[in-house]
Amino acid sequence: MANIKDLAEMAGVSVTTVSRVLNNHPYVSAGKRKAVEEAIKATNYQKNINAVHLSRGKTMLIGVVLPFSDHSYFSLILITNQAMRENYKIVLFQTGYKKEREIEALQLLKQKQIDALIICSRASELSIIEKHTPYGPIILCEDVRSKIIDQIQRIEKPPTAMLVTSEQVAAGMIISSQRNELSIPADLAIIGFNNEPIAGIMDITTIEIPLTEMGKTLFRQVLDEKVSHQEFKEKLIERGTV
C-alpha cells in the first residue's frame, strides 16, 4: 500500500505538500494539488487513521462497559447523543458480567485505542480497574469510597418489604404474591427502581433515578481531567405497593 512518501514521488512534490493536501490545507497551488490528487486516485491511497490519532493524541472514541444493552437501566444511561455533540464515538462492550470481557475493554484503554472508559456495572475487582487508571480516565457508576460490605447469611423470617432493582422482577413478584393469596402491600410491600413504564401500569411504588442526566455527567467527567465524585438525588414515587 502506498504511503505519503510514495505519493510525493509520484506527484513530484514534497512530503509536506502531500500532507497539506491530505489535510485540506489552503496554501497549496492548484497544479500541485491536482498532481497529488491524481497520485491518490491512482494508488487508491487511504489515510492511516492510527497515525492521525497518534498525531492528535486522541482517538475520539470512548468505551462504555455494560453487562446488558437491552436492560432499560443501561439503555437509558448510554451517552450516545452527548458523545455525538462533542464529536466522539462510542465503543460498546456488552460483557454479560464476564471479567475477561471487562479486561478486554481495559486493555484497549491501555493500548490507547480508546480515550476513556465508562463502566456502568462491573464484575472485576476494583484493584484490577485501579491498575489501568494511568492509561486514561475511567468512570464508575458507583460509590467506591466504602471498602466494607456487609453480608446477610440467612433470613429467619419471610420479609415484609422488598426493594427490587428491576421493575420487571417486581411485577413478577406482585403476580406471584397474588397467586399465593398474599396482599400487597399489607403482607408484602414492594418498591421498584427506575420508574419504568411497567411501574405505572402495575401501580408499583418506585425510586426514580435520573439516568439520562447521569449519562450526560459521565461524559462530562470523561472530558474533565480531574477525578471527581458526584451524587444524584433520587425521587420516591409513591403508588399502591407500599
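Read the figures in this text as sums done on the coordinates, not as results from a lab. A quick note: this is a predicted structure, and the numbers were derived from the prediction, not measured. Cβ sites come from the backbone with ideal geometry, for glycine too, and all protein chains shown count toward neighbours.
All other residues with a Cβ under 15 Å from the Cβ of G192 taken together, and with Lys, Arg as +1 and Asp, Glu as -1, what is their net charge?
Counting the neighbours of G192, the net charge comes to -4.
Between S19 and V242, what is 0.36 nm times their sequence separation minus the Cα-Cα distance? Round to one decimal in nm.
The span from S19 to V242 would gain 73.5 nm if fully extended.
Using the beta-carbon distance between Q168 and N87 and R0 = 51 Å, what value does 1/(1 + (r/R0)^6) give for FRET efficiency, to the nearest 0.05?
0.90
Students often get this wrong, so check it: of K32/K89; K5/K34; K131/K226; K99/K157, which have C-alpha atoms separated by over 24 Å?
From the list (K32/K89; K5/K34; K131/K226; K99/K157), the Cα-Cα distance tops 24 Å for K32/K89; K99/K157.
Want the number for Q107 to L126: 0.36 nm per residue separation, take away the alpha-carbon distance, what's left?
5.3 nm
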